[in-house]
1. Sort through A:53, A:9 and tell me the only one that's out of contact with any Lys or Arg (no Cβ under 6 Å at 6 or more places or on another chain), over 15 Å from residue B:99 (Cβ atoms) and small (Gly, Ala, Ser).
2. Any chance you could count how many residues in region A:56-82 are assigned to a strand (DSSP E or B) and either of a type in the set (S, T, N, Q) or crowded, with 18+ Cβ neighbours inside 10 Å (or both)?
3. Test residue A:104 against the stated conditions and say whether it is small (Gly, Ala, Ser), closer than 27 Å to residue B:55 by Cα and surrounded by fewer than 21 Cβ atoms within 10 Å (Cβ to Cβ).
4. Give the number of residues within region B:55-67 that are assigned to a loop (DSSP other than H, G, I, E, B) and in contact with a Lys or Arg (Cβ under 6 Å, 6 or more places away or on another chain).
5. Residue check, residue A:85 against (1) hydrophobic (A, V, I, L, M, F, W, C); (2) modelled with pLDDT of 95 or more; (3) within 21 Å of residue B:92 (Cβ to Cβ); (4) in a loop (DSSP other than H, G, I, E, B), all met but one. Which one?
6. Could you check, for region A:70-84, whether at least one of its residues is within 19 Å of residue B:100 (Cα to Cα) and either out of contact with any Lys or Arg (no Cβ under 6 Å at 6 or more places or on another chain) or more than 10 Å from chain B (Cβ to nearest Cβ) (or both)?
7. What is the one condition in (1) surrounded by 13 or more Cβ atoms within 10 Å (Cβ to Cβ); (2) part of a strand (DSSP E or B); (3) not basic (Lys, Arg) that residue A:19 does not satisfy?
Amino acid sequence: DAKTTQPNSMESNEEEPVHLPCNHSTISGTDYIHWYRQLPSQGPEYVIHGLTSNVNNRMASLAIAEDRKSSTLILHRATLRDAAVYYCILRREGGGSNYKLTFGKGTLLTVNP
Amino acid sequence: NAGVTQTPKFRILKIGQSMTLQCAQDMNHNYMYWYRQDPGMGLKLIYYSVGAGITDKGEVPNGYNVSRSTTEDFPLRLELAAPSQTSVYFCASRNGQNYQPQHFGDGTRLSIL
């Protein structure tokens, strides 16, 4: 599985935008970029995913570099509830995939009031 | 919405005891997964199943067994508990279509003394 590299921790202020980077220089053409987050004492929850184009949903935006070797998860206005560990994960989709997720250590986001 | 339900939430075992961690989902998902999470680390895949009667090993299967007799249930068994199995265990499920996220339970916190 292709690896991802994320900063160990980041800090933000409430109601400010947050940009969480992820490097994946060995990504293959069939790998989708998935983001999950894990709130304290909870299981991970899905945030967003994409392949090549930038993606938006109600939780966040995903900006993908043109060469796909990096991506950025964007939280437009951080709230205290967004304090969590954010995981950037590559996953192959399509025939033969068992859709496993390989978690790294992720980025611990701290949101200051 | 029940989603993925894990029981028990907490358990303390003595070395050498056995127990079964229960996982049930009510979303008619084919795929189910068991992960463990050690302190400060990401999740590691123990076992997974792509449907009733079909299971396969993940990254760290030693010391565990699984069965999948129904679509809804995917129990994880520890036969001879060891201190190294002290961890938080998460169960997840997803449907069989591409691009769909995994849905996680709230976890079982297991201590072996």
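The values are calculated or read from the model by the stated rules, or taken from the named source; none is laboratory data. Values in this document were obtained by computation on a predicted structure and should not be read as measured data. Cβ: placed from backbone, ideal geometry, glycine included. Neighbour counts: every protein chain shown.
1. Testing whether each residue is out of contact with any Lys or Arg (no Cβ under 6 Å at 6 or more places or on another chain), over 15 Å from residue B:99 (Cβ atoms) and small (Gly, Ala, Ser) leaves just A:9.
2. Here the count works out to 9.
3. The answer is yes for residue A:104.
4. Residues in region B:55-67 being assigned to a loop (DSSP other than H, G, I, E, B) and in contact with a Lys or Arg (Cβ under 6 Å, 6 or more places away or on another chain): 2 in total.
5. Of everything listed in (1) hydrophobic (A, V, I, L, M, F, W, C); (2) modelled with pLDDT of 95 or more; (3) within 21 Å of residue B:92 (Cβ to Cβ); (4) in a loop (DSSP other than H, G, I, E, B), residue A:85 misses just condition (4).
6. Yes: one or more hits.
7. (1)
Residue by residue, here is whether (1) within 11 Å of the chain's Cα centre (by Cα); (2) more than 8 Å from every other protein chain (Cβ to nearest Cβ) holds:
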{"residue": "B:14", "(1), (2)": "no, yes"}
{"residue": "B:17", "(1), (2)": "no, yes"}
{"residue": "B:20", "(1), (2)": "yes, yes"}
{"residue": "B:24", "(1), (2)": "yes, yes"}
{"residue": "B:27", "(1), (2)": "no, yes"}
{"residue": "B:32", "(1), (2)": "yes, yes"}
{"residue": "B:42", "(1), (2)": "no, no"}
